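Notes to accompany the following structure.
The numbers here are math on the coordinates, done by the rules we state, and not lab data. Model, not experiment: these values are computed from the prediction. Here the Cβ positions follow ideal geometry from the backbone for every residue, glycine too, while neighbour counts run over all protein chains shown.
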Amino acid sequence: MASSPPGQAIQNKTNLAILAELDKEKRRLLQNQSVNNPGASISLSRPSLQELRDNAEQQHIAAQQKAALQHAHAHSSAYFITQDSSFGNLILPVLPRFEPDN
């Protein structure tokens, strides 16, 4: 095995020292993260139960809105739109605006 030039040996030692310092810093940051937020590593790999519930609820509401909209259009001559409502309405009627007669 050939010996490396002195300049390259110094560079290798410097690189190893930098890598060791980076590894130590990485471990320290990971340890701090796990102490401050114990579920962080788990939540990165899988969605939480609350997120899954929210997603399922949104899909259920979307399906309900679609069914309500189709039913309203089939059984009424009015026009309806889907709209998030603070009162829980899935669809809202659209009322035309008429110019007032003077």
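A few remarks follow.
- The stretch between I18 and H71, if pulled fully straight at 0.36 nm per residue, gains 12.3 nm over its current Cα-Cα span.
- Remark: spin-label model distance S34-Q83 equals 5.2 nm, labels positioned 7 Å along the Cα→Cβ axis.
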